[in-house]
Structures are given as C-alpha cells and as structure tokens.
1. Give me the helices (runs of 4 or more DSSP H) completely within segment 574-670, filtered to those with at least 2 residues that are of a type in the set (Lys, Arg), in contact with a Gly (Cβ under 6 Å, 6 or more places away or on another chain) and at positive phi, ordered by residue number.
2. Which of the residues spanning segment 479-514 are buried (at least 23 other Cβ atoms within 10 Å of the Cβ) and closer than 22 Å to Asp645 by Cβ?
3. Filter segment 18-63 for residues that are modelled with pLDDT under 90, more than 33 Å from the chain's Cα centre (by Cα) and under 15 Å from Glu146 (Cβ atoms) and give the result.
4. Looking at Glu113, Glu87 in this structure, which one is in the same structural domain as Val40 (by TED's automatic domain parsing) and either over 27 Å from Ile373 (Cβ atoms) or surrounded by fewer than 16 Cβ atoms within 10 Å (Cβ to Cβ) (or both)?
5. Go over the candidates Leu383, Leu390 one by one and state the one that is in contact with a helix residue (DSSP H, G or I) (Cβ under 7 Å, 6 or more places away or on another chain) and crowded, with 17+ Cβ neighbours inside 10 Å.
6. Could you list, in sequence order, all residues of segment 187-203 that are part of a helix (DSSP H, G or I) and of a type in the set (A, V, I, L, M, F, W, C)?
7. Go through the residues of segment 204-216 one by one and say whether even a single one is free of Cβ contacts under 8 Å to residues at least 12 places away in the same chain and assigned to a helix (DSSP H, G or I).
8. For segment 365-391, give me each residue that is over 15 Å from the mean Cα position of the chain (by Cα) and more than 21 Å from Val319 (Cβ to Cβ).
Amino acid sequence: MEMAVESDSPTPGHAQVRLLGPMTISRAGAVLPMPSSRKVRGLIAYLAMAPQAVARTHLCELLWDVPNDPRGELRWCLSKARGVLDESGRRRVGAQGDTIRLDLSDCFVDALEIARVTQAGFDACDTERLRSLAALFSGDFLEGLEIDRAPGFYGWLTAQRRRFRGAHAALLENLVGRVSGDEALGYLDSWYRLAPYDLRVHEMLLSALARSGRIREGEEHLEATARLFESEGLDHAPIRVAWRLARGQSNDTPRVQAVAPEPAAADSIPADPGRMVSSRASIAVMPFIDRTGGSGGGPADGLVHDVITRLAKLRSLFVIAQGTVFALHERHVGPQEAGRMLNVDYVVGGTLRRDDTRLTVSVELTETRTSRIIWAETYDGKLDDAFAVLEEIGNRIVTSIANEIETSERNRAILRPPNSLNAWEAHHRGLWHMYRFTKDDNEKARQFFETAVRLDPTFARAFAGLSFTHWQNAFQNWADPKREIDCAFETAGQSLLADDRDPAAHWAMGRAYWARGHQDESVSELERAVDLSPNFALGHYTLAFVHSQLGDPAQAVIYSDHSRHLSPFDPLLFGMLGARAMAHTRLGQYDDAAEWAIKAAARPNAHMHIKAIAAYSLALAGRDDEARAHFAAARAFLPQYCVEDFLRAFRFNDDTTALFRAAARRAGLE
C-alpha cells in the first residue's frame with residue numbers, strides 16, 4: 001500500500017487521525033467534533049490515504065454520482081474539512097492548480113502506520129510494538145461510514161476494508177506465535193472473530209486448547225466450526241485432521257503445522273498435502289474487478305482464466321482452480337481473505353478498465369500470511385486488437401508472478417538453517433547458489449539439489465536444477481566434461497520420469513542433448529518445453545542459445561528477444577544477450593554483435609565465456625582495444641583462458657570456428 005506520510009508515533013500537540021474503527025480526529029488529547037456530512041468525512045479519509053495530490057475531477061467522480069454542481073459541492077466539503085484540520089498558522093488542506101493535497105506529515109494516522117509496518121514486515125517488530133499496533137484496530141476501516149450513490153467511493157472503501165482486515169489477521173497471527181497462555185488465546189479469539197473461515201486460526205486455536213488440556217472446548221469448537229463451514233459449502237475436513245494431530249501431540253509441541261485444503265486444482269496440477277511435504281508454493285488468482293462496469297464473463301474474467309491456466313502449465317506452483325476462486329468471488333470474498341481461507345502462500349488480485357482506445361490492468365501479488373504486497377504493476381495497451389492486448393498483458397503478468405515468487409522463495413530459503421530445509425526450500429536454496437555462476441556456488445547448488453531430490457524423489461524441478469549444475473561443470477570446464485555431461489543427461493532423464501509435463505524437465509534434457517552434440521534432439525526437447533508452457537522464459541532462451549551456434553541465427557534473435565520480453569530481469573539475462581550476439585556474428589552483422597555482447601558482459605553475473613563473446617565480437621567489429629579489455633576480463637576467471645577454451649565450450653560449424661579464430665588473431669587474443 002502506498003502512503004502519503006510515515007508516522008512512527010503520535011506527535012503531541014498535533015492531530016491524530018483514527019480511521020480504523022469509527023473515524024475520529026483529536027488534537028492535544030481532545031476529540032474534535034466531526035462534520036455531520038458523510039462526504040466530508042469520506043473526503044478527509046481519502047485524502048489522508050492518498051499517496052499524492054488528487055485531481056478535483058477525480059474527487060468529484062469519487063463522491064458524487066450526478067451532482068448539480070460538483071465543483072461547488074467539492075468546495076463546500078473542502079471548507080468543512082479545513083474547519084476540522086487546519087490550525088493557526090498551519091493550513092493542512094492545500095490546493096495547487098487543479099489538485100488537492102492533505103498535509104499530515106507531522107500527524108499520526110493509524111491506518112498509514114499499519115500500512116507502513118505491514119509493507120516492511122511484522123517480523124521486524126518486537127512483541128511490544130506488535131501489541132501496540134494491535135491496539136490500533138478498534139473496528140473496520142471507517143466503520144459505519146457508507147455514502148449513498150457514490151460507487152467510486154464504495155469500491156475504494158471496500159478495497160481498504162479488505163486490505164486492513166488482512167493486515168489485522170496477519171498481525172494477530174504473528175502475535176499468537178510470540179505470546180502464550182491466556183494472552184495468546186485472546187488474540188486467537190480476536191483473529192477468529194475477524195476471519196472465521198481462515199483455516200490457520202482454527203488449527204492454532206485447536207492446538208492451543210489441546211496443549212492446555214481443554215479437550216472438551218476443542219471438541220465443541222470443532223463441531224461449531226464444522227456447522228459453520230457446512231453452511232457455506234466449505235470443506236472442514238482439514239480442521240478435523242488438525243484436531244486429530246493436535247490431540248496426538250505432546251504438550252511441549254509449539255504448534256500444529258498448517259494443513260492445506262483440497263480444492264480442485266487447475267488443469268492437471270494435483271493437490272498437495274501440505275507445505276511441509278509440498279514441492280511447490282501455492283497461489284490463488286482471484287477474479288479481477290472490471291472497473292468499466294462489466295457484469296462478468298467479459299475480458300477481466302477471460303484474463304484471469306488465462307493467467308490461471310498459464311501458471312498451472314509452468315508446473316512450479318500449486319494453483320487453485322478457477323471454479324474455486326470464482327465461487328469465492330461471487331460471495332464477495334476479497335483476495336486476501338480468500339488466500340487465508342484457502343491456506344495458500346500467495347494471492348493475486350487486480351482490476352481492469354477499458355475506455356474507447358486503451359485497456360489498463362493493475363495487478364498485486366500478496367504474501368498471504370503477512371499481507372505484504374511483494375509485487376504490484378500496472379499494464380496499459382491500445383485496444384486496436386483487444387485479444388492481442390489481453391494475450392500480451394497475460395504473458396507479462398504470468399512471467400512476473402512466477403519470477404517474483406521464485407525470488408521470494410529463494411530469499412526465504414537462504415535464511416533457513418541448511419539442516420532444517422524441506423525439499424522445496426532446498427531446491428530454492430540451490431537456485432540461489434546456481435545463479436551465482438561460480439565454481440564454489442555451483443558445487444553448493446548441486447548439494448542442495450541432491451538434498452531436495454533425496455527428500456522428494458518426485459520433484460522434477462530439483463532434478464532439472466541438478467542437471468544444470470552438471471551441465472555447468474562441463475560448460476565451464478570445472479570438472480571432467482565427459483563425466484559431467486553424462487550426469488547432466490542422467491539427471492535430466494530422472495526429471496522427465498518424475499514429471500514429463502514439466503517444461504523444466506524438457507529444458508534440462510534439451511541442454512543435455514546439446515552438450516552431447518545432438519542438435520536436432522536438443523531443439524525438439526526445447527520446443528516441447530515451450531509448447532508445454534509458452535511463458536517458460538528459460539526454454540525460449542535456450543532455443544536462442546542452441547540456434548545461435550548451429551541452428552537458424554535469425555530464429556535465435558527472435559527467441560532471445562522473446563525470452564527477455566518474458567523475463568527482463570532474469571538471472572540468465574547475460575546468456576540471452578550473449579546468444580543474440582553470437583547470432584548476429586553468424587549473420588555477418590558484426591557491429592550489432594558487438595553492441596549486444598557488450599550488454600551481456602556488463603551483467604554482474606556474466607562468466608568468462610560471456611566476456612569472451614564480447615571480446616571476439618568487438619574484434620570482428622574492428623574495435624581491437626575494447627576487445628583486449630574484455631578478453632582481460634575473461635582471463636580474470638581463468639588466467640590461461642584462450643580461444644581453444646572458448647571453442648571447446650560451444651558447438652560451432654567450421655566456418656564460424658574459423659571466424660572466431662580469425663578474430664582472436666586480429667586482436668592478439670590467442
């Protein structure tokens with residue numbers, strides 16, 4: 001959530017604005033009389049939460065349906081707001097041009113404080129700080145404030161209430177994990193009343209009751225919850241499982257592990273029994289809100305269906321099926337609440353708006369248990385071809401979501417003690433090291449991938465990662481190439497046996513075939529990878545890599561561009577750029593090759609072969625001094641590095657091999 005101000009604590013003598021519960025404004029401990037007009041109070045709240053100045057036109061559209069004199073009514077509301085907020089010598093409601101801004105920089109606004117801490121993460125706060133934050137929630141956001149015939153304000157208010165309920169639930173969950181006894185039960189009770197359909201609160205409450213020997217209360221709660229869930233058509237079986245586990249645990253066990261629900265999964269993704277043994281993170285993509293006024297079944301629903309399907313095809317996430325999320329949406333369950341009800345790790349929500357010429361889509365990816373927004377983006381396109389625009393936006397959303405979750409999971413795994421990792425965490429710990437592209441990190445990555453496949457022999461992606469580390473050993477000449485290529489091929493085969501519909505398995509096999517010199521088989525496997533998942537950026541990149549050497553160099557350029565378009569911040573971006581440089585070399589476009597190679601070599605994790613591509617491309621372009629500088633950078637990795645090392649790593653035909661040898665002689669790079 002964006003904020004206009006940062007407020008660490010109330011400032012004595014200045015205003016305190018309370019939005020969590022009935023709206024109040026106080027100064028020096030005295031509560032100020034509030035305007036009777038709901039629109040004035042709504043205007044103050046909206047401006048308080050706005051991250052920047054707001055246009056008068058927008059405020060008129062927000063608060064009035066069809067006013068007789070919108071500008072005049074807005075001026076009247078602003079005058080009433082000034083009467084409450086402005087102080088002697090300090091004008092807080094300011095106008096500049098056609099915009100209005102509320103200056104509360106030295107005031108305390110409870111909602112902004114919660115938003116700031118939520119975004120930073122509750123883990124960074126000590127327990128006493130969390131207690132004080134929990135005390136700020138005295139009710140719903142702007143409780144009791146509804147404005148008739150103001151659909152824009154109603155939509156904003158609904159979104160804010162959902163967001164702060166999610167933040168409140170996340171805060172209470174964090175507190176329950178830190179305190180004990182009656183205090184923990186008190187917070188659990190507040191959490192339960194706030195989110196009665198959140199599986200996690202029932203699991204923790206039942207666990208607490210079992211630990212304290214209050215079995216009868218646990219049984220009563222279980223039966224009441226079963227009736228509640230049945231009345232809403234929800235599955236309460238996971239809660240019964242949690243109660244059985246809780247009763248079977250010893251009193252010193254800290255808590256019950258969360259048990260995942262069993263919704264119908266998208267496409268062929270099977271339900272996972274729980275995060276402790278799962279090989280994937282879980283995600284729910286909620287239907288997008290059509291701000292244009294669509295009644296369902298329009299482009300917003302079509303876009304969400306496409307995103308769900310494409311995410312499922314990646315095979316790296318457990319994706320909640322479309323039927324489940326649309327059913328919750330029809331019951332007016334917001335994204336964060338739905339994420340907690342479904343017990344998923346991440347939830348996606350968004351909006352879509354169309355006008356005569358453009359389509360705008362806004363998307364947010366939230367970590368369910370912390371309510372922290374880990375990624376947000378707005379996409380905009382011309383409506384010349386609505387289907388093409390939706391296809392393009394859908395592709396970008398899917399790739400961004402997958403990349404952001406992978407980054408989040410890698411960062412989470414790297415903080416865990418190595419001996420406490422499950423298969424999923426070990427896999428992401430391996431990815432963290434793999435993308436460093438050094439010999440030592442590659443060896444650590446191999447060890448973590450081996451841990452992952454030992455813990456879960458059906459984990460196709462971990463086998464694919466393990467194959468890549470062997471491939472990398474051969475490509476970089478860090479170990480015996482023949483042995484490592486055989487290992488890369490073997491582990492790629494194990495990945496396919498585990499899941500032959502995972503694009504990463506075919507990607508690994510495509511690389512292994514390339515390393516063995518089987519060009520046609522390599523291309524076939526890589527094409528299978530992108531057929532299975534058109535959003536699989538690594539598949540497109542590796543097709544560029546293979547075609548840039550022995551295949552079609554023009555196709556290599558296309559695959560390189562598409563992989564970068566899908567994943568513009570990919571850890572293998574240097575390879576995408578380097579493949580395009582090699583393709584331009586084979587096309588005789590040496591100046592273009594040099595420019596793309598320089599970009600590749602500038603990437604922070606570019607290895608010696610990428611530096612060498614830049615050196616040889618620059619030499620072919622007649623830029624000998626720059627070529628020698630890049631070759632020196634390659635030798636920083638391996639002092640005796642020479643053209644033979646470069647040619648041994650790649651698969652060029654005789655003409656291209658002769659071309660690179662000539663470039664090496666020309667610039668003295670032999």
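1. Working: elements: 590-601, 608-620, 624-635, 643-649, 654-666.
So the answer is none; nothing clears 2.
2. Ala488, Arg511, Ala512, Trp514
3. Leu63
4. Matching residue, one of Glu113, Glu87: Glu87.
5. Leu390
6. Within segment 187-203, Leu188, Trp191, Leu194, Leu199, Val201 qualify.
7. There is at least one residue in segment 204-216 that is free of Cβ contacts under 8 Å to residues at least 12 places away in the same chain and assigned to a helix (DSSP H, G or I).
8. Correct list: Asp380, Gly381, Lys382, Leu383, Asp384, Asp385, Ala386, Phe387, Ala388, Val389.
The values are calculated or read from the model by the stated rules, or taken from the named source; none is laboratory data. This one's a predicted model, so the numbers in the text were calculated from it and none came from an experiment. Note that we place each Cβ from the backbone using ideal geometry, even for glycine, and neighbour counts take in every protein chain shown.
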